[in-house]
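Asker: Would you mind keeping the following structure in view while I ask a few things?
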Amino acid sequence: MPTEIGIISDTHNHLPKAINRHFAGVNLILHAGDIGDSPILQQLHRIAPTQAIYGNMDLYTLSSVLPAQVSLKIEEFQILMQHNIGNLFNYYWKLKNKKSNTFPDIVIFGHTHRVVYEKIGDTLFINPGSASQPRGGFPASIMKLSLSKGSISHHQIIELT
């Protein structure tokens, strides 16, 4: 049975109602920062267990209780979540040169409000876009990811209308 993950970022204190429907049945929700305030996390927790990091726009109430970066293992994947990673290629090489025992298979980030699903070297970079404040003419969006037996069995970019 695959592990279903809902990925969301940049809610900026607004959680579209469609999130309940799209994330129904997921095993875990990952929020990549710029949450807004704790009621957003409470709403997400009602859908599924939620792991979140704070972003650059999150106030002290969240940044004092959430980490800036989190590393977790789901299925056989090492996942790193950080709100603002800057340039993907530079970040990938920064990770490579770090000489850590836990190199991420997946990096989940936010900040840009633009969807990214791109593999660089042996790392998949994922940005679900912004759930509430898209930029540059892009629609609001979230993602779902299915992990099963050491592979990504499915990914879905969901545009919120």
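The values are calculated or read from the model by the stated rules, or taken from the named source; none is laboratory data. What you see is a predicted model; the values in this text were computed from it and never measured. Neighbour counts are summed over all protein chains in view; Cβ atoms, including those assigned to glycine, are modelled from backbone coordinates with ideal geometry.
Asker: Within the stretch 140-157, how many residues are of a type in the set (G, A, S) and more than 17 Å from I8 (Cβ to Cβ)? Spell out the reasoning first.
Answerer: Kept after step one, since they are of a type in the set (G, A, S), are these residues of the stretch 140-157: 140-141, 146, 148, 150-151, 153.
Still in the running and more than 17 Å from I8 (Cβ to Cβ): 148, 150-151, 153.
Residues in the stretch 140-157 being of a type in the set (G, A, S) and more than 17 Å from I8 (Cβ to Cβ): 4 in total.
Asker: For the stretch 76-85, check the following and say yes or no: at least one residue is surrounded by 20 or more Cβ atoms within 10 Å (Cβ to Cβ), modelled with pLDDT of 95 or more and within 20 Å of P139 (Cα to Cα).
Answerer: Yes.
Asker: Within the stretch 23-37, restricting attention to residues that are farther than 19 Å from H111 by Cβ and within 15 Å of the chain's Cα centre (by Cα), which residue is surrounded by the most Cβ atoms within 10 Å (Cβ to Cβ)?
Answerer: Top of the filtered list is F23.
Asker: Could you figure out which of (1) under 14 Å from the mean Cα position of the chain (by Cα); (2) under 24 Å from S146 (Cβ atoms) isn't true of N84?
Answerer: (2)
Asker: Considering only residues that are in contact with an Asp or Glu (Cβ under 8 Å, 6 or more places away or on another chain), among the hydrophobic types (A, V, I, L, M, F, W, C) and surrounded by 14 or more Cβ atoms within 10 Å (Cβ to Cβ), which ones fall in the stretch 43-75?
Answerer: Listed by number, the residues that qualify are M57, L62, L66.
Asker: Let me ask another. Condition (residue is loosely packed, with under 14 Cβ neighbours inside 10 Å, part of a loop (DSSP other than H, G, I, E, B) and within 16 Å of the chain's Cα centre (by Cα)) applied to the stretch 89-102: is it met by at least one residue?
Answerer: no
Asker: Could you tell me which numbered condition I40 fails, if it satisfies all but one of (1) surrounded by 16 or more Cβ atoms within 10 Å (Cβ to Cβ); (2) part of a loop (DSSP other than H, G, I, E, B); (3) at pLDDT 95 or above?
Answerer: Every listed condition holds for I40 apart from (2).
Asker: Answer with yes or no whether S146 is at pLDDT 95 or above and buried (at least 19 other Cβ atoms within 10 Å of the Cβ). Let's see the steps before the verdict.
Answerer: Numbers: at pLDDT 95 or above: yes; buried (at least 19 other Cβ atoms within 10 Å of the Cβ): no.
So S146 does not fit the description; no.
Asker: Just to verify a result, which residue in the stretch 57-90, among those that are without any contact (Cβ under 8 Å) to a residue 24 or more places away in the chain and hydroxyl-bearing (S, T, Y), is farthest from L124 (Cα to Cα)?
Answerer: Filtering first and then ranking leaves Y60.
Asker: All but one of (1) within 15 Å of Q156 (Cα to Cα); (2) surrounded by fewer than 24 Cβ atoms within 10 Å (Cβ to Cβ) hold for I5; which doesn't?
Answerer: For I5, the failing item is (2).
Asker: Out of everything in the stretch 92-138 that is polar (S, T, N, Q) and under 20 Å from I74 (Cα atoms), what residue ends up being modelled with the highest pLDDT? Walk me through it before giving the result.
Answerer: Residues of the stretch 92-138 polar (S, T, N, Q): 97, 100-102, 112, 123, 127, 130, 132-133.
Pick out the ones that are also under 20 Å from I74 (Cα atoms) and you get 100-102, 123, 127.
Values: S100: 72, N101: 73, T102: 80, T123: 95, N127: 98.
Ranking the qualifying residues of the stretch 92-138, first place goes to N127.
Asker: Between a residue in the stretch 12-37 that is farther than 17 Å from P134 by Cβ and any residue that is part of a loop (DSSP other than H, G, I, E, B) and not small (G, A, S), which pairs come within a Cβ distance under 6 Å, given they are 6 or more apart or on different chains?
Answerer: As it stands, the answer is L28/P49; D37/N13, since those pairs meet every condition given.
Asker: Residues of the stretch 131-161 being closer than 22 Å to P2 by Cα and in contact with a helix residue (DSSP H, G or I) (Cβ under 8 Å, 6 or more places away or on another chain), which ones? Steps first, please.
Answerer: The initial filter retains those residues of the stretch 131-161 that are closer than 22 Å to P2 by Cα, namely 142-158.
Those that are closer than 22 Å to P2 by Cα and in contact with a helix residue (DSSP H, G or I) (Cβ under 8 Å, 6 or more places away or on another chain): I142, K144, I158.
Asker: Do we have any residue at all in the stretch 125-136 that's loosely packed, with under 12 Cβ neighbours inside 10 Å, outside any strand (DSSP E or B) and either free of Cβ contacts under 8 Å to residues at least 12 places away in the same chain or acidic (D, E) (or both)? Before the answer, list the steps.
Answerer: Step one: filter the stretch 125-136 for residues loosely packed, with under 12 Cβ neighbours inside 10 Å, giving 135-136.
In the following step, the residues that additionally are outside any strand (DSSP E or B) were identified as 135-136.
Cutting the leftovers down to either free of Cβ contacts under 8 Å to residues at least 12 places away in the same chain or acidic (D, E) (or both) gives us none.
No; the residues of the stretch 125-136 include none that is loosely packed, with under 12 Cβ neighbours inside 10 Å, outside any strand (DSSP E or B) and either free of Cβ contacts under 8 Å to residues at least 12 places away in the same chain or acidic (D, E) (or both).
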